[in-house]
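A.B. asks: What follows is a structure written as structure tokens; I'll ask about it next.
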Amino acid sequence: MEGRPLTDAELIEEARGGDVAAYEELVRRYEELAFRTAYLVCGDADDARDAAQEGFVRAYGALNRFRAGAEPRPWLLRIVANAARNRRRAAGRRAGLALRSAQDRPSDGAAPSPEVAVLAGEQRAELLAAVDRLSDDDRRIITLRWFADLSEREMAAVLDVPLGTVKSRLSRAMQRLRAVMRGGDDRG
Amino acid sequence: MTVAEPMAWPPRDEAALASALADLSRDLAYPATPSIASAVTLRLREGSAKGRRRGRRWALPARSIAFALLALLVLAGAAVAFGIVIGGLRISFAPGTPPPLPSAVVQSRAFGSEVSLDEARRRAGFGVLVPSLAAIGQPEHVYFNGVPSGGTVSLVWGPQPGYPASVTGVGLVVTEFQATVDPAVWEKLLYEGTSVSDTLVNGHAALWISGGEHTFFYRDSSGRRVDSSLQVVGDTLIWQRNGLVLRVEGAPSLSAAAEVARSLR
């Protein structure tokens, strides 16, 4: 087994025994996902960095409560997202999401698959602007689902609500997003 | 070969909207992910050093520990057996030369690059002020950061008796830059548990920000608001003087911070 990278579960086990280096490796695996998730929640890069740091520090303190065999990804993301939510509430501001410029887009050269929509540039901008006009709660659930690419089950862990609540909130948020795009401002 | 058709706009139903969002997600620009792992490790190592003394695994947020230590120091300042007294606190100094600051601290605090005091004076677009308090001495580290225009100079001392380590390992920081504090934004930027009081430093209006974390905005010389949000982990005195914004962070009390502030030359 020499040279085999340790699994997440093994790293957690080492970290529980006080091995900070093992924990650092685990953080390295999840830092980008955690940072982006925090960024989607709180909308500010500095706050997202601080929230991710704070979340990982808290998670270390809570390692003893982590259930062996459970998935670390939603557990870590929930702690980071909580830290990000607190900062969002405190800061009262939100930077809009931005689109990459055309030359920065990945050019995989492959033809788009038929089930993936092809949006024109102005449609992308319009859709993003519509997402940014949603309420905090609606925007968060939509960005976590589609931009952070979390499953509904992971979102339930991150938001700390039952799966059914995620489904219904997501569905309502999608309805309101469509309403915003039709030019209405249906917040009901 | 499959050719995807342009979709009806706005999306006709929820499935079409979901598909559009999935497409959009590939074109989002995220800020570059900062190095989080090393900063987390730094905080954990600091925490476990404190935790071992108490004989149990450290599990509280570093900030709570920092403030608990701060409170203990304020209550039991007399317990420090040697040094000089400033503002009701005894302050004394560790012998020898200071250890280098970990790079994660420098980076996460947005200090900029480390320079000599002379170089900071050459590069800054303003006259750099340095505390003349004999007890504090010359800064252990000097950093220069090119923003806002005219630059920011940070004078940094490591943890010392009287100036306990903050969560990022820093004892005392004096920051100087050319800008105008926008008083209208203060309220929004303070985190829970932070209080702000008005005070005076040499006759200049000043704010004493204590008990919590805060970030702040400033305006550059063209009047544009800059969201630099320097993370502050200690109590801070901030004031303006002749077009400069000056901050003293990490002093254990308002009177100690004011003492440092008044000594700037």
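The values are calculated or read from the model by the stated rules, or taken from the named source; none is laboratory data. These numbers come from a predicted model, not from an experiment. With ideal geometry, Cβ positions are generated from the backbone for all residues, glycine too; neighbour counts draw on all protein chains shown.
A.B. asks: For the range A:1-8, check the following and say yes or no: at least one residue is more than 10 Å from chain B (Cβ to nearest Cβ), closer than 30 Å to B:Ala15 by Cα and modelled with pLDDT under 85.
C.D. replies: no
A.B. asks: Can you tell which of A:Ala59, A:Ala15, A:Ala38 is over 20 Å from the mean Cα position of the chain (by Cα) and not in a loop (DSSP other than H, G, I, E, B)?
C.D. replies: Of A:Ala59, A:Ala15, A:Ala38, the one residue that is over 20 Å from the mean Cα position of the chain (by Cα) and not in a loop (DSSP other than H, G, I, E, B) is A:Ala15.
A.B. asks: For the range A:38-50, how many residues meet the condition of being more than 8 Å from chain B (Cβ to nearest Cβ) and either modelled with pLDDT of 90 or more or touching an Asp or Glu at 6+ places or on another chain (Cβ under 8 Å) (or both)?
C.D. replies: Qualifying residue count for the region: 1.
A.B. asks: Which members of the range A:122-158 meet the condition of being assigned to a helix (DSSP H, G or I), more than 9 Å from chain B (Cβ to nearest Cβ) and among the small types (Gly, Ala, Ser)?
C.D. replies: The answer is A:Ala125, A:Ala129, A:Ala156, A:Ala157.
A.B. asks: For the range A:16-37, which positions are charged (D, E, K, R) and facing another protein chain (nearest Cβ under 7 Å)?
C.D. replies: A:Glu24, A:Arg28, A:Glu31, A:Glu32, A:Arg36
A.B. asks: Is it true that some residue in the range B:76-97 is at pLDDT 85 or above and aliphatic (A, V, I, L, M)?
C.D. replies: Checked against the condition, which is being at pLDDT 85 or above and aliphatic (A, V, I, L, M), the range B:76-97 yields no hits at all.
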